[in-house]
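Working notes, structure below.
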Amino acid sequence: MQAIVMTNTGGPEVLVPREIPEPAPGPGEVVIRTEAIPVLYPETQLRAGAFPMASPPPVVFGFQAAGEVIAVGEGVGSEHLGQRVVAATDGTGSYAELVRARAEAMTPIPAGVTAADAAAVMMSGSVALALLEAAALTGSETVLIEAGATGVGAHLVQLAREFGAARVIATAGGPDKVRRARELGADEVIDHRHAHWPEELRGEPGHTIDIVFDSLGGTSAAALLDTMTPGSGRMLSYGWLSGEPARVSAADLIPHGLTLTGCSGPAWHGRVDHARAAILERVPALAAPVETILPLDRAAAAHELLESRAPLGKIILRPGPAAR
């Protein structure tokens, strides 16, 4: 079968099409015939060597895949055969025509939802749901959603009012993404490419930010503290798009009576996993999530496109004759 092997850490060119043996399911595992593979931003960071891989290269790359269960291992019921699912791997193995995954890591795709849409929504959408549940909105809050035109931010913008946000402010990078965030439902959008963009949030007295969904990290996080509601404002930090975590200490938070929640670690990932089925049920109500579909053997081109930061929707790889 065809797969994409990461030959080393480096640029997109380290993702190379190869013919490899077909996988067989072990105990508690399934094999999925792949229909759609999402290209995820964290994957570009792993490929580049910013974070360690679960298995050293050369290795079949990829986190998630959607398709049909065609084989089950010992301990997995035969009723799963033929089921359409999205599955998470253990950090490798999804950029392939056939993917092996743990049975508990797969989520059924609801009727009427395509494999491509399910794959596109699964990771960022389930993170967004977990963030909104953790925020515990009450119906009166103003929220700030960073990077609100794409990925997790785009889902937060679309879902925030369902979970109780009264006013949604988003940031985005550049005119096209500012426009997109407005289309998704943000009341106000600020271009975070401007060096001093947090200052644009300092408006009339009494108009403060109750909750910040922080995906940028870096120095902008501390700059936002003066815009947050004293005594009850809270920041949920879940991303490092700036290249470093939020530069916020207890000494920064305490004088304002603010809190910061770090959304990471095993307990957090358990909350995200719990949201997988719920986000797939919401797919028909969301904006079309897929922007580009490429054949599997163009994985390197997909990574180049994603790293350009130009796409507004998800890039999907699709195995099949077009990839040959």
(message) For a quick check of your reading: which strands (runs of 3 or more DSSP E) sit entirely within region 156-216 and have at least 1 residues that are free of Cβ contacts under 8 Å to residues at least 60 places away in the same chain?
(response) 165-172, 188-191
(message) For a quick check of your reading of the model, give me the residue pairs whose first member lies in region 44-59 and is within 15 Å of W240 (Cα to Cα), whose second is assigned to a helix (DSSP H, G or I), with beta-carbon atoms closer than 9 Å and at least 6 apart or on different chains.
(response) T44/P12; T44/H303; T44/L306; T44/E307; A50/T44; F51/P42; F51/Q45
(message) Take the conditions at pLDDT 95 or above, surrounded by 15 or more Cβ atoms within 10 Å (Cβ to Cβ), over 19 Å from A115 (Cα atoms) and touching a Leu at 6+ places or on another chain (Cβ under 7 Å) and apply them to P12. Does it pass?
(response) no
(request) Find the strands (runs of 3 or more DSSP E) located wholly in region 239-321 whose residues include 3 or more that are open to solvent by less than 40 Å² (accessible area, probe 1.4 Å), and list them. (result) 290-295, 314-318
(message) Can you tell me how many residues within region 54-66 are of a type in the set (A, V, I, L, M) and either within 18 Å of the chain's Cα centre (by Cα) or buried (at least 20 other Cβ atoms within 10 Å of the Cβ) (or both)?
(response) 3
(request) Read through the list (1) assigned to a helix (DSSP H, G or I); (2) among the hydroxyl-bearing types (S, T, Y); (3) farther than 26 Å from A300 by Cα, then give the number of the only condition that T138 fails. (result) (1)
(request) Search region 117-153 for residues being among the hydrophobic types (A, V, I, L, M, F, W, C), on the phi < 0 side of the Ramachandran plot and open to solvent by 10 Å² or more (accessible area, probe 1.4 Å), and hand back the single one that is farthest from the chain's Cα centre (by Cα). (result) L137
(request) Looking for whichever is under 18 Å from A119 (Cβ atoms), surrounded by 19 or more Cβ atoms within 10 Å (Cβ to Cβ) and without any contact (Cβ under 8 Å) to a residue 40 or more places away in the chain here; the options are V86, V69. Which one fits? (result) V69
(request) Go through (1) open to solvent by less than 30 Å² (accessible area, probe 1.4 Å); (2) in a loop (DSSP other than H, G, I, E, B); (3) within 25 Å of T138 (Cβ to Cβ) one by one and return the number of the condition P230 breaks. (result) (1)
(message) Name the residue that is nearest to the chain's Cα centre (by Cα), counting only residues in region 92-113 that are surrounded by fewer than 16 Cβ atoms within 10 Å (Cβ to Cβ), touching a residue at least 24 places away in the same chain (Cβ under 8 Å) and in a loop (DSSP other than H, G, I, E, B).
(response) P110
(request) Would you please list the contacts, defined by Cβ atoms under 7 Å and residues six or more apart or on different chains, that run from a residue in region 133-150 that is touching a residue at least 24 places away in the same chain (Cβ under 8 Å) and farther than 18 Å from L216 by Cα to a residue that is surrounded by 22 or more Cβ atoms within 10 Å (Cβ to Cβ) and of a type in the set (G, A, S)? (result) L137/A165; E141/A165
(request) Might you check whether a residue that is in contact with a helix residue (DSSP H, G or I) (Cβ under 9 Å, 6 or more places away or on another chain), buried (at least 21 other Cβ atoms within 10 Å of the Cβ) and under 16 Å from G233 (Cβ atoms) occurs anywhere in region 183-193? (result) no
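The values are calculated or read from the model by the stated rules, or taken from the named source; none is laboratory data. Nothing here was measured: the structure is a model prediction, and the numbers come from that model. Heads up, the Cβs are rebuilt from the backbone with ideal geometry, glycines too, and the neighbour counts pull from every protein chain shown. Keep in mind that these areas ignore ligands, DNA and RNA; they rest on the heavy atoms of the full protein, side chains included. Shrake-Rupley method; radii C 1.70, N 1.55, O 1.52, S 1.80 Å.
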